[in-house]
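Student: One structure follows; several queries about it will come next.
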Amino acid sequence: MSSAVTSLLHGLGLPWTFTFDAEHVTVINAGTIILLQVLVSRLVKDWKPLPTMVTGMALGALGFLLLASSRNPWLFILGIAVFSIGEMTAHPKYYSFVGQVAPADRKAVYMGYAFLYGVLGSRLGSSLGAFLYERMLKPALGTPEADARARAFWLLFAALDVVAAAGLVLFARSFGADTAQTRRRARAIMRGVYAAVLLIGGVFLYVAFSSTPVQARTAVQAAIFIALGTGGLVMGRARD
């Protein structure tokens, strides 16, 4: 990759030497979105929210599969680009979907809660990625096991993507209609979700304070999860 880009630069008369490094990974994601977001949004603007989101998530899983398939640098870049296309396909329809499934008297509340995915995703996702890197990939660097570990790492995220897409479809079928029955089921499920968030916060708190030195960032994440879980359970009980 470095050689190809350097040769291209020299062919353009630019005496620069390019070295592909870790920070360029995020550049691929951001660059793909900058270049293609308007085009992708125009292509899917008339699609219904649910199939659009599922399509985007399927593209994300395909991107992870490409990352798992080979250590070839061009496939690596293609995998990130495909994942980015899936991301920009699914995300614009997210708020449309929330507005579509929200009860008429709760649309403002639903739209407010819709932003919580960023809190949960950034806190839980980054910690999960870091945990798996430390346990799965880092010990295998420079060993014959590295390829197999990297493949398993990306396949795990592809599987999570598929599970998320299936969960979204199941949610739409089970709770898409606003009825007294679906509201009761939703409240029961949300109690379980908030309890799970509270449990995750407890696990994060244990990890933070059982480490030496104390992991301040993980402790802050634990506090956020505990606050969300406790607040959700308290509000749910008050509503009941």
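The values are calculated or read from the model by the stated rules, or taken from the named source; none is laboratory data. All of these numbers come straight from a predicted model, not from anything done at the bench. A quick note on method: Cβ atoms are made from the backbone with ideal geometry, for glycine too, and the neighbour counts reach across all protein chains shown. The protein model used for the area step is the full one, side chains on, heavy atoms only, and it has no ligands, DNA or RNA in it. Shrake-Rupley method; radii C 1.70, N 1.55, O 1.52, S 1.80 Å.
Student: Return the total of residues in the range 175-186 being surrounded by 14 or more Cβ atoms within 10 Å (Cβ to Cβ) and outside any helix (DSSP H, G or I).
Tutor: Counting residues in the range 175-186 that are surrounded by 14 or more Cβ atoms within 10 Å (Cβ to Cβ) and outside any helix (DSSP H, G or I) gives 1.
Student: Looking at residue 126, is it of a type outside the set (Val, Ile, Thr), within 29 Å of residue 186 (Cβ to Cβ), touching a Pro at 6+ places or on another chain (Cβ under 6 Å) and open to solvent by 40 Å² or more (accessible area, probe 1.4 Å)?
Tutor: Details: of a type outside the set (Val, Ile, Thr): yes; within 29 Å of residue 186 (Cβ to Cβ): yes; touching a Pro at 6+ places or on another chain (Cβ under 6 Å): no; open to solvent by 40 Å² or more (accessible area, probe 1.4 Å): yes.
In short, no.
Student: Let me ask you something else. Residue 163 fails exactly one of the following numbered conditions: (1) part of a loop (DSSP other than H, G, I, E, B); (2) surrounded by fewer than 13 Cβ atoms within 10 Å (Cβ to Cβ). What is the number of that condition?
Tutor: It fails just one condition, (1).
Student: Here's another thing I want to ask about it. Would you pick out the residues in the range 69-107 that are under 17 Å from the mean Cα position of the chain (by Cα) and hydrophobic (A, V, I, L, M, F, W, C)?
Tutor: Within the range 69-107, 80, 81, 82, 83, 85, 88, 90 qualify.
Student: Here's something else I'd like to know. Taking helices (runs of 4 or more DSSP H) that do not extend beyond the range 8-101, which have at least 3 residues that are more than 25 Å from residue 163 (Cβ to Cβ) and without any contact (Cβ under 8 Å) to a residue 24 or more places away in the chain?
Tutor: Fully inside the range 8-101 and qualifying: 23-44.
Student: Sort through 189, 224 and tell me the only one that's under 20 Å from residue 116 (Cα atoms), touching a residue at least 24 places away in the same chain (Cβ under 8 Å) and either surrounded by 13 or more Cβ atoms within 10 Å (Cβ to Cβ) or within 19 Å of the chain's Cα centre (by Cα) (or both).
Tutor: Only one candidate qualifies: 224.
Student: Considering only residues of the range 7-66 that are small (Gly, Ala, Ser) and within 19 Å of the chain's Cα centre (by Cα), which is surrounded by the fewest Cβ atoms within 10 Å (Cβ to Cβ)?
Tutor: Among residues in the range 7-66 that are small (Gly, Ala, Ser) and within 19 Å of the chain's Cα centre (by Cα), the one surrounded by the fewest Cβ atoms within 10 Å (Cβ to Cβ) is 30.
Student: Out of 117, 110, report the one residue that is closer than 24 Å to residue 48 by Cβ, of a type outside the set (D, E, K, R), free of Cβ contacts under 8 Å to residues at least 40 places away in the same chain and surrounded by 14 or more Cβ atoms within 10 Å (Cβ to Cβ).
Tutor: Selected residue: 110, the only one of 117, 110 that is closer than 24 Å to residue 48 by Cβ, of a type outside the set (D, E, K, R), free of Cβ contacts under 8 Å to residues at least 40 places away in the same chain and surrounded by 14 or more Cβ atoms within 10 Å (Cβ to Cβ).
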